[in-house]
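Contents: one structure, followed by commentary.
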Amino acid sequence: MNKKILFLPDAGPNNPFQYQLIDFLKKHDFQVAKAPSGRFLATWKAIRTHKPDVVYYDWIQSFILGKTLLITLLKCFLFWFEIQYLIHIRKTPILHTLHNMRNHAGRWTKIEHVIYRYFLRRCSRIRVYSDSTRLKASRFFKIPLDKIYVIQDVPYHHYYPNTVTQKEGRTNLNFSDTAFIYLFLGMVKPYKGLEELIKAFKELEGDDNYLVIAGKGDSALYEKSIEQQIDNHPRIVFHNAFIAIDQVQYYMNAANVVVLPFKNIEHSGSVDLALSFGKPVITKETIFLQKILHHQQELFFRKGGKSLLKTLQKAQKIDVMAVGEKNYQVAEQSNYKDLLKFFRV
């Protein structure tokens, strides 16, 4: 039996990435426990409850950032104490996946950088998603390269049901066979660039083009803002709800392309999900995505506005089935099995 791993924080059902990673590890005889981030001393409480051999942090922002400067400073101090306790008292190895250099909301970034660098330099192993991020993280946080590993996620087609046809998906969502459907699926948050997408789509000509935005907003205020920007447009559909695991296939298989117009992106589970369903992906051009999706160059944009609009137009001129098949192969042929070595610390 492999060692017992404690996952922090428990992302809940809204983050299948974490759940399928846990499922993958359990299938290979790891013991896995989860615990929520809580407000204060969440690590301390989880360690006392689960007594793990290894602690894995999926992210640490919820442990160190608060709504006010005072709360942030207090959380950072307590987190520093917990890491000291793990290393010097418990002597427990710490593993981590570095998703982004800075938090998406841009809160308390200078404080975040200090505590994040402290944390990363005390991790036994760190996982990133590309060679460019590996080099960037090493320089930015002053971490030795030999503790940073480039390993992809477990492909989502190992987790999500995918048995319905495009016709069944469209029937379920009330779309015709001739419609060209652009899909955004995921949590609706400000950093994901939906404002630019809605604006660009409204300028797209064609009565049989549709934009589907499917996902729960991170706040009622932001949901209302998105609804106001859509302004009852006849060809924009906003399904403002969490999309259940067994329902994702209807949206993905109904769509022609997936659109992820993120303002800032190092890595995204939404991209991985689209690849696992064999979908072309319209998204912002980054070094990482250029490397893995070099075969769909025409679907990258550099800025919003006209650049995004032109990319939406180009999507209707390509062989979306052929691009989707290549994207599926990208997902399946990744090095995700190296995760087993990563966790055997």
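Taking Phe24 as the residue in question, decide whether it is within 23 Å of Lys147 (Cα to Cα) and either in a helix (DSSP H, G or I) or modelled with pLDDT of 95 or more (or both). It is true that Phe24 is within 23 Å of Lys147 (Cα to Cα) and either in a helix (DSSP H, G or I) or modelled with pLDDT of 95 or more (or both). The single condition among (1) basic (Lys, Arg); (2) surrounded by fewer than 17 Cβ atoms within 10 Å (Cβ to Cβ); (3) closer than 27 Å to Val128 by Cα that Lys224 does not satisfy is (3). Selection of the range 61-75 for residues being part of a helix (DSSP H, G or I) and either at pLDDT 95 or above or open to solvent by 70 Å² or more (accessible area, probe 1.4 Å) (or both) yields Leu69, Leu70, Leu73, Leu74. Checking each residue in the range 78-111 for being among the hydroxyl-bearing types (Ser, Thr, Tyr) and under 24 Å from the mean Cα position of the chain (by Cα) picks out Thr97, Thr109.
Collect the residues in the range 171-216 that are of a type in the set (Gly, Ala, Ser), under 17 Å from Ala244 (Cβ atoms) and either part of a loop (DSSP other than H, G, I, E, B) or open to solvent by 50 Å² or more (accessible area, probe 1.4 Å) (or both), keeping them in residue-number order. If the condition is that a residue be of a type in the set (Gly, Ala, Ser), under 17 Å from Ala244 (Cβ atoms) and either part of a loop (DSSP other than H, G, I, E, B) or open to solvent by 50 Å² or more (accessible area, probe 1.4 Å) (or both), then Gly186, Gly215 are the ones that fit. Scanning the range 287-344 for residues that are in a loop (DSSP other than H, G, I, E, B), in contact (Cβ under 8 Å) with a residue 12 or more places away in the chain and under 23 Å from Lys192 (Cβ atoms) turns up Leu293, Arg302, Gly304, Gly305. Listed here are the strands (runs of 3 or more DSSP E) enclosed by the range 83-170 that have at least 2 residues being among the charged types (D, E, K, R) and surrounded by 18 or more Cβ atoms within 10 Å (Cβ to Cβ): 125-128. Looking across the range 227-264, the residues that are more than 22 Å from Gln313 (Cα to Cα), among the β-branched types (Val, Ile, Thr) and open to solvent by 20 Å² or more (accessible area, probe 1.4 Å) come down to Ile243, Ile245. Taking (1) under 20 Å from Ala137 (Cα atoms); (2) assigned to a loop (DSSP other than H, G, I, E, B); (3) in contact with a Leu (Cβ under 6 Å, 6 or more places away or on another chain) in turn, Phe40 satisfies each apart from (1). Scanning the range 220-264 for residues that are among the aliphatic types (A, V, I, L, M), farther than 14 Å from Leu173 by Cα, touching a Leu at 6+ places or on another chain (Cβ under 8 Å) and touching a residue at least 40 places away in the same chain (Cβ under 8 Å) yields Val257, Val258, Val259. Every condition in (1) modelled with pLDDT of 95 or more; (2) over 24 Å from Tyr328 (Cβ atoms) holds for Leu135 except the one numbered (1).
Among the residues of the range 295-339, those identified as of a type in the set (D, E, K, R) and over 30 Å from Gln20 (Cα atoms) are Glu298, Arg302, Lys303, Lys306, Lys310, Lys314, Lys317, Asp319. Going by what's in this entry, would Phe288 be described as within 21 Å of Lys136 (Cα to Cα), open to solvent by 10 Å² or more (accessible area, probe 1.4 Å) and among the aromatic types (Phe, Trp, Tyr)? Against the criterion (within 21 Å of Lys136 (Cα to Cα), open to solvent by 10 Å² or more (accessible area, probe 1.4 Å) and among the aromatic types (Phe, Trp, Tyr)), Phe288 qualifies.
The values are calculated or read from the model by the stated rules, or taken from the named source; none is laboratory data. All values reported here derive from a predicted model rather than from experimental measurement. Please note: Cβ atoms are built from the backbone with ideal geometry, for glycine as well, and neighbour counts cover all protein chains shown. Keep in mind that these areas ignore ligands, DNA and RNA; they rest on the heavy atoms of the full protein, side chains included. Shrake-Rupley method; radii C 1.70, N 1.55, O 1.52, S 1.80 Å.
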